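**Q** Just dropping this structure here.
The values are calculated or read from the model by the stated rules, or taken from the named source; none is laboratory data. Predicted model, so just to flag it, every value in this text is computed and none were measured. Heads up, the Cβs are rebuilt from the backbone with ideal geometry, glycines too, and the neighbour counts pull from every protein chain shown.
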Amino acid sequence: MQTVFALQTRGAGLYEFTGTVAGWLESEGARDGLLTLFVRHTSCSLLIQENADPDVQRDLNAFLERLVPPAGDPSMSYLVHTLEGPDDMPAHIKAALLPVSLSIPVMNGRMALGTWQGIYLFEHRARPHQRQVAAHFA
């Protein structure tokens, strides 16, 4: 089974879509297998992360902003690719550091995620984007 999830972002940050994926698996009658998710863009990432405390998402975003600041920051003066805005090349760097695909075991039709784990699209661009995540279950 395959599908593509369309996710709308509102700018930089983490966007949980665990329920959307779980609903798709259920609607397709999934049993045991492996789910693969792949984001079809070069300026965002996928993460499995804690979904209980929103401070975790805020702290992750803040950490990456400190690690890879916008192109206008003096520490990023070496960047050449700046025509698409001060957040574009830093977004590509963040996507190079973080996963763009995930593999999740599915048992009895449910993802084998831990109690506090959720699936997130991590948007690295400052403005809203329509993102696509391809899913394959076998």
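**Q** Just wondering, is there one or more residues in region 54-69 that are without any contact (Cβ under 8 Å) to a residue 40 or more places away in the chain, buried (at least 19 other Cβ atoms within 10 Å of the Cβ) and over 27 Å from E28 (Cα atoms)?
**A** Checking region 54-69: at least one residue is without any contact (Cβ under 8 Å) to a residue 40 or more places away in the chain, buried (at least 19 other Cβ atoms within 10 Å of the Cβ) and over 27 Å from E28 (Cα atoms).
**Q** Let me ask you something else. Hey, can you tell me all the residues within region 83-112 that are closer than 20 Å to Q2 by Cα, over 16 Å from the mean Cα position of the chain (by Cα) and buried (at least 17 other Cβ atoms within 10 Å of the Cβ)?
**A** V106, M111, listed by residue number.
**Q** Shifting gears a bit: Can you tell me which residue is farthest from G11 (Cα to Cα) among those in region 80-101 that are among the small types (G, A, S) and in contact with a strand residue (DSSP E or B) (Cβ under 8 Å, 6 or more places away or on another chain)?
**A** Just the residues of region 80-101 that are among the small types (G, A, S), to begin with: 85, 91, 95-96, 101.
Keeping just the survivors that are in contact with a strand residue (DSSP E or B) (Cβ under 8 Å, 6 or more places away or on another chain) gives 91, 95, 101.
Working: A91: 11, A95: 15, S101: 20 Å.
Within region 80-101, the match that is farthest from G11 (Cα to Cα) is S101.
**Q** Of everything in region 29-55 that's more than 27 Å from D87 (Cα to Cα) and outside any strand (DSSP E or B), which residue is modelled with the highest pLDDT?
**A** Within region 29-55, the first condition is being more than 27 Å from D87 (Cα to Cα), and the residues that meet it are 29-36, 52.
The next check asks that each one be outside any strand (DSSP E or B); those that pass are 29-32, 52.
Numbers: G29: 91, A30: 90, R31: 95, D32: 98, A52: 94.
For region 29-55, the residue satisfying everything is D32.
**Q** Take R131 and decide whether it is touching a His at 6+ places or on another chain (Cβ under 8 Å), among the basic types (K, R) and in contact (Cβ under 8 Å) with a residue 40 or more places away in the chain. It would help to see each step written out before you state the result.
**A** On the way: touching a His at 6+ places or on another chain (Cβ under 8 Å): yes; among the basic types (K, R): yes; in contact (Cβ under 8 Å) with a residue 40 or more places away in the chain: yes.
Yes.
**Q** Still on this structure: Please list, ordered by first then second residue, the pairs with beta carbon atoms under 7 Å, 6 or more apart or interchain, first in region 92-120 and within 16 Å of Q49 (Cβ to Cβ), second in a loop (DSSP other than H, G, I, E, B) and of a type in the set (A, V, I, L, M, F, W, C).
**A** Every condition considered, the pairs that remain are K94/V68; I104/A112; I104/L113; W116/A52; I119/F17.
**Q** Mind checking which residues of region 70-80 are among the hydrophobic types (A, V, I, L, M, F, W, C), in contact (Cβ under 8 Å) with a residue 12 or more places away in the chain and outside any helix (DSSP H, G or I)? Steps first, please.
**A** Applying the first criterion (among the hydrophobic types (A, V, I, L, M, F, W, C)) to region 70-80 yields 71, 76, 79-80.
Filter again for in contact (Cβ under 8 Å) with a residue 12 or more places away in the chain, leaving 71, 76.
Answer for region 70-80, where residues must be among the hydrophobic types (A, V, I, L, M, F, W, C), in contact (Cβ under 8 Å) with a residue 12 or more places away in the chain and outside any helix (DSSP H, G or I): just A71.
**Q** Okay, moving on. Mind checking which residues of region 26-39 are among the hydrophobic types (A, V, I, L, M, F, W, C) and under 11 Å from M107 (Cα atoms)? Break it down stepwise before answering.
**A** As a first pass, look at region 26-39 and keep what is among the hydrophobic types (A, V, I, L, M, F, W, C): 30, 34-35, 37-39.
Answer for region 26-39, where residues must be among the hydrophobic types (A, V, I, L, M, F, W, C) and under 11 Å from M107 (Cα atoms): A30, L34, L35.
**Q** Among the residues of region 95-138, which ones are among the hydroxyl-bearing types (S, T, Y) and in a loop (DSSP other than H, G, I, E, B)?
**A** Here is the first cut: in region 95-138, the ones among the hydroxyl-bearing types (S, T, Y) are 101, 103, 115, 120.
Of everything in region 95-138, just one residue is among the hydroxyl-bearing types (S, T, Y) and in a loop (DSSP other than H, G, I, E, B), namely T115.
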